Every structure is written in structure tokens, then in C-alpha cells.
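Novice: Okay, here's the structure, questions in a sec.
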Amino acid sequence: MKKTTITQTSLISVLALGLAISASAQAVQTSPGAPPDPAALDSGPGLVGTNYAELGFGYQRQEGSPSGLRDYGFLSNANVYKDGQLGADVDFAYDYLEGAAYGYSDRRAEVQFGLTGFLQETWGKPFLTADAGMAWERAADASRKSVAYTGIGGIEFQVLRNLALAPFIEYQAEPHLYNHGLPWANFPDHLLDFGVKATYRITHSWNVSLTADLDQHSASDWGLRGGLSYRF
């Protein structure tokens, strides 16, 4: 499961180097009629605080059955508020998870809407996301639906000109879905994940990402997810 300016750290470095420039050049640069500096308009490779749509595909490994899960997702995010260091995004997320074991299959679909609040600091962007919606699951010959909710907390750092990292903690729950009620194929109805998302900027509009995570159930439970996003 974001239009930012260049980090204040980078701006401080640029200004420090700019002390060697002549006074006349500084006057032209700060003139109201001068065109904006392209570097100052660089939003960086991060996604927090931006407008974008992302398609993702992932693989989750877990100790239970099914042991291998395929995860397909779509996320649409829009920045709706920005004032100084404060900002807010709204999002729509769709996720489809499937796996099979012992001749039985399990499929789960989720639709959620949410809000992300963030701060733009000199060292990164701490953020909190809260999503809520509905989930539908079909395991073997039984089906069930449930409310679903997700909470995510993390920090997005720009580590290179075209690379951002975002370590995070995510809690997701579908309290009315099957957990251990079926013997062959089922998903946990709550999950706490610890992970990091790496986002690399290909062009001004296109980014690719790779997310790796572990959950609280077992050190053997891990996941990898690739994504392609378009910023608009």
C-alpha cells in the first residue's frame, strides 16, 4: 500500500555553495521576474505527499497453509493539503490475495479508503496512514465478508537523487474472516508487518519500487512486492 520540494538538507547545502557566487548573480536568482530554479522544483523520488497511481505484484511466504501467496494490488493517492511542514493525502486501495493447499484454494479481496498525515522535516517525512473498508474471502467452499482496517507508520528518506527508502510498521485486520476455522486453506485475520519500501525514479512521472517485509507470526514469514507507479 506520495508533490514535495527538495529536502531542506539539500537546500542548505546548495545555499552554502552559493556563498561563493557573486552578489549580482544572487540578485538575478532572487529577482521576482526570474524563472524558477528547476532544482528547487524537483519533487524527489518519494511518493508521500504526491499524486500517483501504483500497480503492484507480490509474493508472501508463510508457515501456515497455503504457504505461498500471490498478492495483486492497486493504489491511488492524492495530496489534498499542504501548509508549511504539514500535509495530508487521501488514498484508495484494492488488494487481491490468493493461494492454494491440499487441493483447496483461498482468495481474499479488499477495498479500503484512507488518509495519510505527514510532516516534511529536514531529515525525512514521518507519516501515519489509516485505512478502512471491506474484505471478502472464499476458502474451500465457504465464503465470508468482514470490515477491514489498516494502520501504517513510517518515515520516508531521500537517500540518493533518484532513490527514496521508507521503513514502516503496518497492522492490518479483517476480524470476521476465517483464521484457524478451516483446516486446509486460510489466511490470518490480523497481521503486523515490519518492512521497508525502496522507490526509484525512472523519469519525472514513472517510478518503480520494491518492498520487503516480515510479520510477527514467524521469522520464516516474509514477503516481496514490486510496484510501478505513475505520478500526475
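Novice: Search the stretch 192-213 for residues that are under 26 Å from A173 (Cβ atoms) and modelled with pLDDT of 95 or more and pair each with any residue that is among the aromatic types (F, W, Y) and assigned to a strand (DSSP E or B) when their beta-carbon atoms are under 6 Å apart and the residues are at least 6 apart or on different chains.
Specialist: G195/F168
Novice: Within the stretch 50-69, take every residue that is at pLDDT 95 or above and outside any strand (DSSP E or B) and give me the one that is surrounded by the fewest Cβ atoms within 10 Å (Cβ to Cβ).
Specialist: Residue satisfying both the conditions and the ranking: N51.
Novice: Regarding T116, is this residue among the β-branched types (V, I, T), part of a strand (DSSP E or B) and under 22 Å from L214 (Cβ atoms)?
Specialist: Here the answer is no, as T116 does not meet what is asked.
The values are calculated or read from the model by the stated rules, or taken from the named source; none is laboratory data. Because the structure is predicted, anything quoted here is derived from the model rather than measured. Neighbour counts run over all protein chains shown; Cβ positions are idealised from the backbone, glycine included.
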